[in-house]
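Please read the structure below before turning to the comments.
We did not get these values from a lab; they are worked out from the coordinates using the rules stated. Treat the numbers as computed from the prediction; the structure is a model and nothing was measured. Note: ideal-geometry Cβ built from the backbone for every residue, glycine included; neighbour counts use all protein chains shown.
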Amino acid sequence: MRDVQFTVANKHLARLPYGPLGIALGVEHRSLNGYWHSSWQDQAGLNSNQVRGDTGGGYNVTEVFGELSIPLLRNLPAVKALNAEVSGRFSNYNTFGQAYNWHAGLIYAPTDDIKFRANIATGFRAPTIQDLYKAKIISLTGTRDPCAYISTYPGAVQSTIADNCRAQGINPNTFKQTNGSLKYETGGNVNLKPEISRTYTIGSIITPRFIPGFTATVDYFHTHITETIGYPSLSTELNGCYESTGLSSSYCSILNGRDVNGQLYPVARLHENTGAFIEDGLDINASYQVPIDYNNTLTFGADIQDIMSYKAQSQDGQPLISYLSTDAGVPKWVANGSATFTHGRWSLTYMLRFIDGFTYYPSSSYGPTVSEWWKTNQAWYHDLMLTYHGDLYSVTAGVKNLGGRDPNFYANGDYNTSPGMYDYAGRYVYLKAQVHF
C-alpha cells in the first residue's frame, strides 16, 4: 500500500463576527495491491475437492477534500455558541469511477452545561481487494434442490415450485437429488460498485458544572445503506427463485441449468451489490471521574446501544425484512460498563459486558409458528485487568470472561452459535506488554 497526502489547514483563516473561520483542504492518493498464492494442494484440488488458483489485483484512488468550521453565534441570550461544520470529498477510483460525499452539521450550546448536535452525511465503502479479486472456487453446501423436496414446502407454494420444475423437464413427484450437497461457485467480482450510505444523527453532550468530572452523550442515529456487497444465503436464493411464477425472480440469475440427469449445475454466487439495510437506534455514553486524593482516582464508564429497528433487503427488488432480536446477530440491547481504580502508575479495571437475548426459529424458513419459537438467554460477561503504566512501556495482566460463561447455543449453520457475538474460548488469562515510541 502507498499513501501520499497533502493537507493545508488554518483555524483562523478569517475573522467573522462571532469567531474565526477554520478551513482545511487536501489531496490524497492511495495505491493498494494484494496477492493470494495458493498451495499446491489447493491448486490440485486436494482440499475438499476445491480447486483454488493464484489471484491478485489492486486499485488506485485520488481524492480531493475540504472542510469548513463556521461560527454563527456566540455569547448571546440563550446562545452560548452556535457553530456549523461542512465538508466534502471527491474520489476518483480506477475501478468503478467517481464518487462525491458530503457532511453538514450544527452544534448549539445554550449554556456551558449542555450542547445539542445534528449531522447529515453521505458516504460509501469501496469494494476491497478481496471483494474484487478473491479466487473463484467450487464449494459445497447442504442446501437442497427445491424440485427434490417439494413436499417440505408450504402448500401455498408447492404448485408454483412444481410448475417451475416441470418447465425445466423435472418431474417433482419422482425426482431425487443424488448428492446431499449442492455445488456453488463463489469468488470476487471486478464489476462491483461501492456501497452507498446516508446517515442522520441528532443528540446532546452533557457536562454539568455541578458534577465535576461527569460527561454524557445521547445520540439518535438513522443509517440507510444501499448496494450492499455480499450475497444472500443459497437457500434464500433457490427458494425465492422457485417460489416465483415462471422463475421470474431476480434470484434466478444464479442458475446455470441442469445436467442430463436433471441435477443442478454449480450455481453462481460471486460477490455482488445485493440489497440494502436500514438501522435506527440510540447510542448512550457516560463517564465519571472521581478524585480520591492526589494519587488515587476512581473512573466509571458506560456505553449502551439500543437498536430500535434493523431491516435488511437481501437483493434488489426483494422486501425489507426485520432482523432485530433474531438469530441474524442483531440484539436490541448491547452494553459495556467499567470501573477503574488508579493508584499512581497502577490501574485495576473491572468490565461488564451485556448482550440481550433474541428469538430464533430453528425449524421454519417461513416465519414463526406457535410451537417453533425459541429465545436465547441474556449474556453477561465479567473481565478484570491490572496495568502498570511506565514512561516508555505498559504491562497488562488480565482475565476475560471471568465466570467462564459458555456461548449461547442455537441452530445457526455450522457454528450452532454466533462467533462474532459471544466469547468462544471461555475463561482465558493473558499478559500483554506495549512499548511506546
*Angle in degrees between helix 155-167 and the longest Cα principal axis of the chain, rounded to the nearest 10*: 60 degrees
*asked:* Charges on Cβ only, +1 for Lys and Arg, -1 for Asp and Glu, centred on the Cα centroid of region 1-116; of ASN75, VAL61, VAL27, which one is farthest towards the dipole's positive end?
replied: ASN75
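Which order, highest average first, do 240-250, 254-264 follow once you tally other Cβ atoms within 10 Å for each residue and take the mean per peptide?
Values: 240-250: 16.5, 254-264: 14.0.
Going by the mean number of other Cβ atoms within 10 Å, highest first, we get 240-250, 254-264.
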*Length-normalised contact order of the chain in % [C-alpha pairs under 8 Å, at least 6 apart]*: 8 percent
*In nm, give the distance between the simple-model label positions of VAL8 and ASP406, each being 7 Å from the Cα along the Cα-to-Cβ direction.*
6.5 nm
*asked:* Taking 41 Å as R0, compute the FRET efficiency from the Cβ-Cβ separation of ILE202 and THR396 and round it to 0.05.
replied: 0.65
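Taking R0 as 56 Å, what FRET efficiency do you get between LEU298 and THR152 from their Cβ-Cβ distance, rounded to the nearest 0.05? Display every interim value, and only then the final one.
Details: r = 59 Å, r/R0 = 1.06.
Rounded to the nearest 0.05, the efficiency is 0.40.
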*Say each of SER235 and SER181 gets a label point 7 Å from the Cα, pointing the same way as Cα to Cβ; how far apart are those two points in nm?*
1.7 nm
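Between ILE114 and GLN41, what FRET efficiency follows from the Cβ-Cβ distance if R0 is 51 Å, with the result rounded to 0.05?
Values: r = 62 Å, r/R0 = 1.23.
That pair, ILE114 with GLN41, gives E of 0.25.
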*Distance between Cα centroids, region 208-225 to region 84-123: provide it in whole Å.*
18 Å
*Hey, quick one: spin label on VAL27, modelled 7 Å out along Cα-Cβ, who in region 1-18 has an amide N within reach, i.e. under 14 Å?*
4-8
*Under unit Cβ charges (Lys, Arg +1; Asp, Glu -1), what dipole magnitude, rounded to 20 debye, does the chain have relative to its Cα centre?*
440 debye
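Assigning unit charges at the beta carbon (Lys, Arg +1; Asp, Glu -1) and nothing else, what dipole magnitude in debye, to the nearest 20, does region 103-198 show about its Cα centre?
On the way: 11 positive and 7 negative charges, 47 e Å.
So the dipole magnitude of region 103-198 works out to roughly 220 debye.
Starting from 0.36 nm per residue, how many nanometres of slack lie between HIS224 and LEU106 once their C-alpha separation is accounted for? Let's see the in-between values first.
Numbers: separation 118, 0.36 × 118 = 42.48 nm, distance 2.08 nm.
Answer, rounded to one decimal: 40.4 nm.
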*Filter on LYS332/LYS375; LYS332/LYS432; LYS134/LYS183; LYS311/LYS400 - keep pairs with C-alpha separation over 22 Å*: LYS332/LYS432; LYS311/LYS400
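Sort 424-432, 83-91 for me by packing, meaning the mean count of neighbouring Cβ atoms within 10 Å per residue, highest on top. Write out the running numbers ahead of the final one.
On the way: 424-432: 11.0, 83-91: 16.3.
Most protected by this proxy first, the peptides run 83-91, 424-432.
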*Tell me which label goes with the value of log10 I(q)/I(0) by the Debye sum over Cα atoms at q = 0.08, 0.12 Å⁻¹ computed from the coordinates here: (1) -0.55, -1.11; (2) -0.70, -1.38; (3) -0.44, -1.02.*
(2)
*222 nm [θ] for the chain, helices only, -39500 (n - 2.57) per DSSP H run of 4+, per residue, to 500?*
-2000 deg cm²/dmol
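Using 0.36 nm times the number of residues separating ILE278 and PHE90, minus their current alpha carbon distance, what extension gain do you get? If you can, show how the numbers build up before the last one.
Working: separation 188, 0.36 × 188 = 67.68 nm, distance 2.49 nm.
Roughly 65.2 nm would be gained on extension.
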